[in-house]
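To keep things clear, I will list the structure first and then write my remarks on it.
The values are calculated or read from the model by the stated rules, or taken from the named source; none is laboratory data. From a predicted model like this one, the values you see are computed outputs, not experimental measurements. Every residue, glycine among them, receives a Cβ derived from its backbone with ideal geometry; neighbour counts consider all protein chains shown. What goes into the accessible areas is simple: the full protein's heavy atoms, side chains included, and nothing from ligands, DNA or RNA. Shrake-Rupley method; radii C 1.70, N 1.55, O 1.52, S 1.80 Å.
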Amino acid sequence: MRTQRAFRCTMGLLAALAAIALAGLGCRSGQSEGKRQLVLAHVHPDSHPVHRSMVRMGELLERNSGGALTLEIRHSGQLGAERELLEKTQAGGIQMTKVSTSLLESLVPELGVLSLPYLFHDDEHYWAVLDGPVGRDMLDRLEAVGLKGLTYYDAGARSFYAREPITGLQSLQGRQIRVQQSPTMIRTMEALGITPVALAFGPELTQALEKGERVDGAENNLPSYWTEQHYLSCPHYYADRHSRPPDVLVMSLKAWNALSAQEQAALTDAVRQSAVYQRQLWQEEVARILRELDGLGVTVAPDVEREPFIQAVQPVYDGLPAEHKAWVDRVRAARPAATQPATAEAP
Ligand code: GCU
């Protein structure tokens, strides 16, 4: 009897222990199901400063969320060119992308204001606009098209480069220059007397430049000129710095709304730190690229005559709709806030 009771007791105990163990397992698998991976796709290679800052963001996101949120970064246009990435993000097929604000102009026309030629006086003014109420209000406009604007990344200034030497505005007139798919960029080229060719950024563009088919040159910032190896076919870079549309990190509004308040805070902090880090990396990278290009004998003409460019683009401003003129006035009036942006912490 005693043995039987002891046996039943032992079995009962074992069953109870097994139930606890299973419950534990269930709980663990529930947690792992609760873990979410956010996919972030963009067009730059993994050596680009924007990509490297996103890696930092992923590390911080994982740390801030206690491992509940992770980031998978698909670079080099693996999931498509910027327009496709935007569509996928709007539809929630991927959770995030990074594009130039020029590409967003087709969805939210007022964002085209940031692509206007010679809009920003200097770095201080650029960041006063983006970090201040104007930048915030522009990001907020994205909600109407299913996107949550998370942050801006520095995308430097865009300048012309070509297969043949560039000696000034006249020498560019009549040439076919690749531009972003942006009405403001197209109007700017037309005002300058240049023939715009709107093409997606990526391998198609690099090949067109190599073959000299459809295009005689393009315009971009130094990191993209370098990472896309456009300097190989277009070794003449003319630093006229005609426009400065920033890059922007956007998230599917659906995906954003699906995060808890704590998760949103974890992501917001990771994004903020990644943006601070990216500004620093960008400066370092531009200085390094200039040295590399110099070593390769690529001409980067820094002392360009900008006045003829500035005068030629005036009709672009004159032709703006009233609402965009009001945005331009706000941009011009922007002043830096008294506080400096927070510094990035190492993860
Ligand atoms: C910049 C920007 C890209 C954009 C590219 C372009 O390099 O960072 O997001 O795609 O310009 O010229 O299209």
Item to check | Gap separating the Cα centres of region 87-142 and region 183-235, nearest whole Å | outcome: 21 Å
Checklist outcome for this item: With Cα coordinates, the longest principal axis of the chain makes an angle with the long axis of helix 183-192, in degrees rounded to 10, of 20 degrees
Checklist entry - How many Å² of accessible area per residue for the chain, probe 1.4 Å? => result 47 Å²
Checklist entry - So for the chain: antiparallel DSSP bridges make up what percent, rounded to the nearest 5? => result 55 percent
Item to check | Mean projected area (nm²) of the alpha-carbon convex hull when the chain is viewed from all directions | outcome: 22.7 nm²
Checklist entry - Which one of Val316, Val43, Val304 has the biggest mean-square fluctuation once the chain is modelled by GNM with Cα springs under 10 Å? => result Val304
Checklist entry - Based on the alpha-carbon gyration tensor of region 27-151 and its eigenvalue square roots a ≥ b ≥ c, which shape applies: rounded if a/c is under 1.5, prolate if not and a/b is larger than b/c, or oblate? => result prolate
Checklist entry - Roughly to the nearest percent, how much of the accessible area of the chain is carbon and sulfur, given a 1.4 Å probe? => result 53 percent
Checklist outcome for this item: Ranked by GNM mean-square fluctuation in the chain (Cα springs under 10 Å), the top entry among Ser233, Ser260, Ser252 is Ser260
Item to check | Extension reserve of the Gln229-Asp140 stretch, reckoned as 0.36 nm per residue once the Cα distance is removed | outcome: 28.5 nm
Item to check | At most 13 other Cβ within 10 Å, DSSP loop - chymotrypsin sites (Phe, Trp or Tyr not before Pro), region 44-149 | outcome: none
Next on the checklist: If you fit an axis through the alpha-carbon atoms of helix 261-295 and take the longest principal axis of the Cα set of the chain, what angle between them do you get, 0 to 90°, nearest 10?
Outcome noted: 40 degrees
Next on the checklist: Test of understanding: what is the full-extension gain from Ala337 to Thr195, defined as 0.36 nm times their sequence separation minus their Cα-Cα distance?
Outcome noted: 47.1 nm
Checklist outcome for this item: Shape call for region 259-331, from the Cα gyration tensor axes a ≥ b ≥ c (a/c under 1.5 means rounded, otherwise prolate when a/b beats b/c, else oblate), comes out oblate
Next on the checklist: Report for region 99-251 the percent antiparallel among DSSP-assigned beta bridges with both residues inside it, nearest 5.
Outcome noted: 75 percent
Checklist entry - Which of the pairs Lys98/Lys254; Lys35/Lys148; Lys88/Lys325; Lys88/Lys148 have their Cα atoms more than 23 Å apart in this structure? => result Lys88/Lys325
Next on the checklist: Helix 82-91 against the longest principal axis of the chain: what's the angle in degrees, Cα atoms only, rounded to the nearest 10?
Outcome noted: 40 degrees
